[in-house]
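Asker: Take this structure first; my questions come after.
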Amino acid sequence: MSKVTQIGSRKADHIRINLDENVQSGLTTGLERYRFNHAALPEIDLEDVDLSQELFGRRVAAPLLISSMTGGTPEAAQINRTLAEAAQQTGIAMGVGSQRAAIEHPELASSFQVRRYAPDILLFANLGAIQLNYGYGVEHCQRAVDMIEADALILHLNALQEAVQPEGDTRWAGLLKKIETVCRALPVPVIAKEVGWGFSEQDAARLADCGVRAIDVAGAGGTSWSQVEMHRAASESQRRLAAAFVDWGIPTAQAILNVRRAAPGMMIIASGGLRSGVDIAKCIALGAQMGGMAGPFLKAAARSLDDTLQTIHELQRELQVCMFAAGAENISELQRTKLLNIAASNGTAR
């Protein structure tokens, strides 16, 4: 099997498994611990609730990101096109899946090139940070950005996923310095993103010090990539190894608080198990600027553009009604809204 065929097979496996199998983390997001204070007298009009904000030099209509998912196969190309068209029509942000396949096999680049369908959206390129320990450098990162005319570059961190893959890249020593080199040299912002296990305060502080402009916490509570790899495992031993980590990670709510404490000025993207506009609102009140989702959009885009648009519109409406019922007229006010921590013994607000 050729290298490009192997890459395509792995990416096709990932799409199929995410669509057909139960790959949920054994943990919850932690967002269920929080509630908004209900505003019985909001003193604002629902139609005046403004979801828009400016991020990385582009205006977004709502603090919603179609999280990085796929690319590299014909099916992935169609999914990315559908997602991009939906993002363009609704004014939200989008990330593409890891572009390593297209860096190494340029004939696959078209499956990631969505700018023609979405000329105005906030768009994120994506590479695995670990590739910086396997020969990649600033030039490769720039190629990923140029390939899709991106506004920023995501460097995703997936150490546990690599560790449970038979073909995984597991030489992680010395990576932080190389991330810093990219951050200092690349002309667009760099975003550090987990893939479903969250960030500690220590890691958030180290990434802030090396020049990362935003952190996508991608906490535990949604898709578990160890579970995805469990379904890909070729042997029972490999399957058991991956299955052992079903309840691994830092829940999304805690990961947001970790980054906020460790790097107060850092832009935070919340993802990992978000399933509603209310979830997004809670994340913003905890300290994030926007919320990202993957699974719901993948399933919708696999069906149709109309289903994808409906999913986005429903999330936007849920967020707008949530802000109205909490008395927050815009995103800045939502960020200042106190949440009740119902799990705390004294019911204190955060």
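Asker: Using a 10 angstrom cutoff on alpha carbons, build the Gaussian network for the chain and name the most mobile of A218, A234, A208.
Answerer: Of the options given, A234 has the highest mean-square fluctuation.
Asker: Related question: Given a Förster distance of 56 angstrom, what is the FRET efficiency for E54 paired with S237, based on the Cβ-Cβ distance and rounded to 0.05?
Answerer: On the way: r = 50 Å, r/R0 = 0.90.
After rounding, the FRET efficiency stands at 0.65.
Asker: Build a GNM of the chain with springs between Cα atoms under 10 Å: which of S67, S332, S98 gets the top mean-square fluctuation?
Answerer: S332
Asker: Would you mind computing, in nm to one decimal, how far apart the modelled labels at D247 and E104 are, each placed 7 Å from Cα along Cα→Cβ?
Answerer: 3.6 nm
Asker: From a point 7 Å beyond the Cα of V321 in the direction of its Cβ, which residues of the range 281-295 have a backbone N at a distance under 15 Å?
Answerer: Of the residues in the range 281-295, 281 have backbone N under 15 Å from the label point off V321.
Asker: Which of G30, G292, G71 ends up with the largest GNM mean-square fluctuation for the chain, with Cα atoms connected below 10 Å?
Answerer: G30
Asker: Arranged by the count of other C-beta atoms within 10 angstrom, fewest first, what order do F324, F124 take?
Answerer: By the 10 Å Cβ count, ascending, the order reads F324, F124.
Asker: Something else about it: Cα convex hull of the range 202-334: how many Å³ per residue?
Answerer: Spelled out: Cα convex hull of the range 202-334, divided by residues, is 130 Å³.
Asker: Can you tally the net charge around C210? Count Lys and Arg as +1, Asp and Glu as -1, for every other residue whose Cβ sits under 15 Å from the Cβ of C210.
Answerer: Residues near C210 contribute +3 overall.
Asker: Let me ask something else about it. Pulled fully out, how much extra length does the chain show between N330 and L176, if you take 0.36 nm times their separation in residues and subtract their Cα-Cα distance? Walk me through the intermediate numbers first.
Answerer: On the way: separation 154, 0.36 × 154 = 55.44 nm, distance 3.62 nm.
So the extension gain works out to 51.8 nm.
Asker: Considering the dipole of the chain built from charges on the beta carbon (Lys and Arg +1, Asp and Glu -1) around the Cα centre, which of N158, F124, P74 is farthest to its positive end?
Answerer: After comparing all options, I get N158.
Asker: Same structure, new question: For the chain, what does the relative contact order come out to in percent, with C-alpha contacts under 8 Å and a separation of six or more? Let's see the in-between values first.
Answerer: Working: 746 pairs, mean separation 79.8, N = 350.
It rounds to 23 percent for the chain.
Asker: Turning to a different aspect of this structure: Estimate the FRET efficiency between E314 and L340 by the formula 1/(1 + (r/R0)^6), using the beta-carbon distance for r and 30 Å for R0, to the nearest 0.05.
Answerer: Computed FRET efficiency for E314 and L340 comes out at 0.75.
Asker: Please work out how much length the chain gains when fully extended from Q78 to I44, using 0.36 nm per residue of separation minus the C-alpha to C-alpha distance, in nm with one decimal.
Answerer: Computed gain between Q78 and I44 is 8.1 nm.
Asker: Per residue of the chain, what 222 nm ellipticity follows from adding -39500 (n - 2.57) for every DSSP H run with n ≥ 4, rounded to the nearest 500?
Answerer: Working: 14 runs with 150 residues, N = 350.
My calculation for the chain gives -13000 deg cm²/dmol from helical runs alone.
Asker: Do you know the relative contact order of the range 241-288, to the nearest whole percent, from alpha carbon pairs under 8 angstrom that are 6+ apart?
Answerer: Taking the mean separation of contacting Cα pairs over the length of the range 241-288, I get 41 percent.
Asker: Then there is this: Could you put Y134, Y117, Y34 in order, starting from the residue whose Cβ has the fewest other Cβ atoms within 10 Å?
Answerer: Numbers: Y134 10, Y117 17, Y34 22.
Going from sparsest to densest Cβ surroundings: Y134, Y117, Y34.
Asker: Taking 7 Å along the Cα-to-C-beta vector as the label spot, tell me the R303-E21 distance in nanometres, rounded to one decimal.
Answerer: 2.3 nm
Rule-based calculations on the coordinates, nothing more; no lab input. Computed from a prediction, not measured in an experiment: that's the story for all the values here. Neighbour counts run over all protein chains shown; Cβ positions are idealised from the backbone, glycine included.
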